[in-house]
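Below is one structure, written out as structure tokens, with a few remarks after it.
Just so it is clear, none of the values below were taken in a lab; they were calculated from the coordinates. Every value quoted in this text rests on a predicted model; they were computed, and no experiment measured them. Cβ sites come from the backbone with ideal geometry, for glycine too, and all protein chains shown count toward neighbours.
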Amino acid sequence: MGTIKKFFKKHRALIYLAALIPFFVSCYGYYITGKFSFWEFVYAAIAVYFVNPVSEDVNAFILFGEITSVIVTAGIILSVLKYAYAKIEHFFIRLKKDSTVVYTDNELGYALASSLKNGYATENDSRPEKVKNHIVMFEDDAKNITFYSQNESRLKDQKVFMMMTELDSTLLKATDTSEADLHFFNTNELLARDYWKKYNLYSHKSDSFKIAVIGDNDVADAIFKYGYLNNLYTLEQSFEYHIWGLTGSKASFIGNLPTDNKDKIIIHKESPFESCDSFKDIDRVIYCLEENSIDMIQMILYVNPTAEIHCYFKEETSYEDIYDSDKIITFGALDDLLTEESVKNESLYLQGKLFNYDYALRYSERTAPSDYKKEMENEWKKLSGFKKSSSIARADHYWIEKRLKEDGILSDEDEDALKIEHIRWSRFHFINHWSYAEKRDNARRRHNLLVPYEQLAQSEKEKDGIYDAMIKKEIERLV
């Protein structure tokens, strides 16, 4: 049913042509009676739409036209009423403080809009609606950027969340001239962040744990990336990432990423089905392809029945009740993933801004004034896409640091916390194609601080902590 609806939505002209069928059939029906001139049978055929036949003559064609015209007329009336109801509903929604509009041309956008508390979807790609929150998620990245750039002044002081599917937001220049509060999101990155929050490795932080990531798609890339960035718990951990599905330069790049601790990354060139013995010691298998998932599950269960098996699916799917294992789960259902909270993620963005502002305070050797928020926003707008992403990545990992302290494993005075943060910061740069150089060169992505923590100057070591007491309190409040 959804496919049919999508087809007609794409080919609207077919709907209008279908609405004319009763007219042409009725024309023919009145014509063959021989009683009407050209304009008379045209007028009679139009009249059937208003359930007002001009003649008592009836034949199969006229009868067909009368019946189907009623359907068409009823459809038009219902469409007008539906349109009017939607306009009235949208008017009252726009009065809400958290009113949100999704600008979209795809099913993902409409799925998100259906989850909004006070919002709706529109295909309007010319002017923004009169609301405070705008989620721009057309299928084409260029269309999203065009919509924003053409309406930047109209979006002044409003929140804009823009979906990027192909464009890497870390490559964008600083947006200090931006009129709006602009954020980017990627559905695969949302999925990966959500996955590692739900299925984190905190309970395995002291173990030697082996993870297999299988797939050659964007989902697999995101799952590995955020595992590499966020699975940092102790200096003694020993996680192994076994990757299947990568080839060429991507395999070389991922395989040579530094970890700066005992973690390892191992690239497998053969297919997983050709190397089933390699799974005997794997603790968790993350299968990121929707095809052949049953074959993969059964192969793993044969060679390693105690392994955790996590399979990616866009829709809700359950294997837990089928197989004799309590360690099979599915993840990635878009209905669970695309929510107002996950896209806006206000606390994560605010944490990122706070971390950046704290860094700025440290550099200027100042403490935060009580009315720091405007200054914080101005500092944020100075950042490039890369530096914004860096601050958000810091915030994304911070729940782990806080929990380690709450559990008595780390403390504010413990230098291990600073070492772990330096490793996380280094990994963020490595995964974004930065490398070490004696002299820093941002244009070429070279950084002189991509060295082991022990080689840093004391002043640089201190930067891995939180500088301002009030800002730290605000960050803690948001975790």
Plugging the Cβ-Cβ distance of Ile329 and Ile88 into 1/(1 + (r/R0)^6) at R0 = 30 Å yields, to the nearest 0.05, a FRET efficiency of 0.10
Only counting other Cβ atoms within 10 Å, I'd like Phe184, Phe273 sorted with the fewest neighbours first. Phe273, Phe184
In nm, spacing of pseudo-spin labels at Phe253 and Lys439 (7 Å Cα→C-beta vector): 2.7 nm
Computed log₁₀ I(q)/I(0) - Debye formula, equal Cα scatterers, no solvent, the range 203-299, q 0.12, 0.14 Å⁻¹: -0.37, -0.51
Here the relative contact order (percent) of the range 284-387, from C-alpha pairs under 8 Å and at least 6 apart, is 18 percent
State, to one decimal in nm, how far the label point of Ser271 lies from the label point of Asn378, with both points 7 Å from Cα in the Cβ direction. 6.0 nm
For q = 0.06 Å⁻¹, Debye-computed log10 I/I(0) when each Cα of the chain counts as one equal scatterer: -0.39
Kirkwood-based Rg over Rh for the range 256-355 (C-alpha set), two decimals? 1.07
Relative to the Cα centre, what is the charge dipole magnitude of the range 100-185, using +1 at the beta carbon of each Lys and Arg, -1 at the beta carbon of each Asp and Glu, and rounding to the nearest 20 debye? 460 debye
For the pair Ala60 and Glu166, what calculated FRET efficiency results from E = 1/(1 + (r/R0)^6), where r is the Cβ-Cβ distance and R0 = 45 Å, to the nearest 0.05? 0.25
Using just the helices of the chain, give the 222 nm mean residue ellipticity in deg cm²/dmol: DSSP H runs with n ≥ 4 each add -39,500 (n - 2.57), and the total is spread over all residues, rounded to 500. -14500 deg cm²/dmol
Please compute the contact order of the range 345-478 in relative form: average sequence separation of alpha-carbon pairs under 8 Å and at least six residues apart, divided by the residue count, as a percent. 32 percent
Filter the GluC sites (Glu not before Pro) in the range 416-469 to those in DSSP coil with at most 15 other Cβ atoms within 10 Å of their Cβ, and list the result. Glu438
Can you tell me the FRET efficiency between Asn118 and Leu478 if r is taken as the Cβ-Cβ distance and R0 is 30 Å, rounded to the nearest 0.05? 0.85
Net +/- balance of residues flanking Gly408 in space, Cβ distance below 15 Å, scoring K and R +1, D and E -1: -3
Please list, by residue number, everything in the range 177-219 whose backbone N is under 19 Å from a paramagnetic label point 7 Å out along Cα→Cβ of Lys132. 179-183
Sort Trp399, Trp39, Trp425 so the one with the fewest other Cβ atoms within 10 Å of its own Cβ comes first. Trp39, Trp399, Trp425
Computed over the range 100-185: relative contact order in percent, which uses C-alpha pairs under 8 Å that are six or more apart: 27 percent
How many percent of the alpha carbon pairs in the range 100-185 exceed a separation of 15 Å? 54 percent
Want the number for Asp412 to Tyr16: 0.36 nm per residue separation, take away the alpha-carbon distance, what's left? 135.7 nm
